[in-house]
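The values are calculated or read from the model by the stated rules, or taken from the named source; none is laboratory data. Keep in mind that what you see is a predicted model, and the values were worked out from it rather than measured. Note that each Cβ is placed from the backbone with ideal geometry, even for glycine, and that neighbours are counted across all protein chains shown. Surface areas here come from the heavy atoms of the whole protein model, side chains and all, with no ligands, DNA or RNA. Shrake-Rupley method; radii C 1.70, N 1.55, O 1.52, S 1.80 Å.
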Amino acid sequence: MRLVAKLLYGLYAAVLFAVVASLAMLVMALLPGLSRRRRVARKAARLVLHLAGMPLSVAGLERLPEGPCIVVANHASYIDGLVFTAALPPRFGFVIKREMATVPLAGFLLNRIGSQFMARDKAGQTTMDARRVMRSAESGHSLVFFPEGTFSEDPGLLKFHHGAFATAQRAGCPVVPAIIQGSRVALPPRGGLPHPVQLRIEILDPVIPTGRDGSEAVAALCRQARSAILGKLQEPDREAA
C-alpha cells in the first residue's frame, strides 16, 4: 500500500506540474513586461508547492539588500529553481546551465522570465556567456547562482565555481549566501519519485566584495560565501569530491 501511495502521489505531482506549467507558459507567452511575467512565475511556483503538499518556509528575506545583489545557494535537486522562484522577490533572475535552454517547455519558461544561460564546456561560448551575465549584473539586475554547477545523490556541499563571485566582484554588488533544505528528498536527483516534504530556504548575511581586483579577491569572496553556507547547511564538506 505504501508503494501504491507513492506511485499515485508521483503521478499526481507530475500531472500537477504539467498543468500549472502549461497554463503559466500560455500566460507568459502573451503577457508583456518581464516583471509581470516573473510575478506570474512566482505565483505559479507557490501554487505548485502548495498543491503538492510541499510547504515552504523562508527565513531571512530582510537580509536581502535593496539594491542589486547576487544570491548563491547550495544545489540539491532539479526542483531548487522552482523553490527559489517561489521564495524570492520577482526582481531576481537565474543563471542556469545552457543545456536547459534546449529543453522545450523549461527552456521557453526560463527565457520568458529573463534567465541567463551559461555554457560550461565550450571555451568560446563560456566566455561570451560570462560577459553577458556580467553586463546584466553591472546594469543593476539581481541574479541567483548555484555555484556548485551540479548536484549529487549524496548529501554534501561540492566545490564552488567562481563565476558568480567574479560577476559580483566586477559589478561591485553584495553576494548573499542562501541554503535550501528538503529539496533532495522532495525530488531525488537520480529520478526517484517525488515526496511531499517541508522545504526551507534561509537567507544569510550578505558578503561585501572588497575593492581589490584579481583572482585572489574573487577566490576570497567565494571562500567566505561557501563557508557561511557550509556552516548552516549541516551537510558534509565534499569540496574534494
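The table below lists the values:
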| item | result |
| --- | --- |
| Subset of region 105-136 [charged (D, E, K, R) and either at pLDDT 80 or above or surrounded by 15 or more Cβ atoms within 10 Å (Cβ to Cβ) (or both)] | Arg112, Asp129 |
| Candidates Gly231, Gly191, filtered to the one that is small (Gly, Ala, Ser), assigned to a loop (DSSP other than H, G, I, E, B) and farther than 22 Å from Pro90 by Cβ | Gly191 |
| Meets criteria (at pLDDT 90 or above, within 22 Å of Phe17 (Cβ to Cβ) and outside any helix (DSSP H, G or I)) for Val71 | no |
| Verdict on Gly81 being modelled with pLDDT of 85 or more, buried (at least 19 other Cβ atoms within 10 Å of the Cβ) and assigned to a helix (DSSP H, G or I) | yes |
| Options Val48, Val40, Val19; residue that is closer than 19 Å to Val103 by Cα and β-branched (Val, Ile, Thr) | Val19 |
| Subset of region 198-222 [open to solvent by 60 Å² or more (accessible area, probe 1.4 Å) and either modelled with pLDDT of 95 or more or of a type in the set (Ser, Thr, Tyr) (or both)] | Gln198, Arg200, Asp205, Thr210, Ser215 |
| Per-region count, region 194-221, residues aliphatic (A, V, I, L, M), within 19 Å of His75 (Cα to Cα) and assigned to a loop (DSSP other than H, G, I, E, B) | 2 |
| Top-ranked residue of region 89-104 - restricted to ones that are modelled with pLDDT under 75 and open to solvent by less than 70 Å² (accessible area, probe 1.4 Å), ranked as farthest from the chain's Cα centre (by Cα) | Val103 |
| Condition broken by Glu62, with the remaining ones in (1) open to solvent by less than 60 Å² (accessible area, probe 1.4 Å); (2) modelled with pLDDT of 95 or more satisfied | (1) |
| Residue in region 142-161 that is surrounded by the fewest Cβ atoms within 10 Å (Cβ to Cβ), counting only those that are at pLDDT below 90 and over 15 Å from the mean Cα position of the chain (by Cα) | Glu153 |
| Answer residue from region 138-182, given it is in contact with a strand residue (DSSP E or B) (Cβ under 6 Å, 6 or more places away or on another chain) and small (Gly, Ala, Ser) and is nearest to Tyr78 (Cα to Cα) among those | Gly182 |
| Those residues of region 136-184 which are closer than 13 Å to Leu233 by Cβ, in a strand (DSSP E or B) and not β-branched (Val, Ile, Thr), in sequence order | Leu157, Leu158, Pro177, Ala178, Gln181 |
| Counted residues, region 1-59 - those being touching a residue at least 60 places away in the same chain (Cβ under 8 Å), open to solvent by 60 Å² or more (accessible area, probe 1.4 Å), touching a strand residue (DSSP E or B) at 6+ places or on another chain (Cβ under 8 Å) and part of a helix (DSSP H, G or I) | 0 |
| Region 195-241: number of residues that are among the hydrophobic types (A, V, I, L, M, F, W, C) and without any contact (Cβ under 8 Å) to a residue 24 or more places away in the chain | 1 |
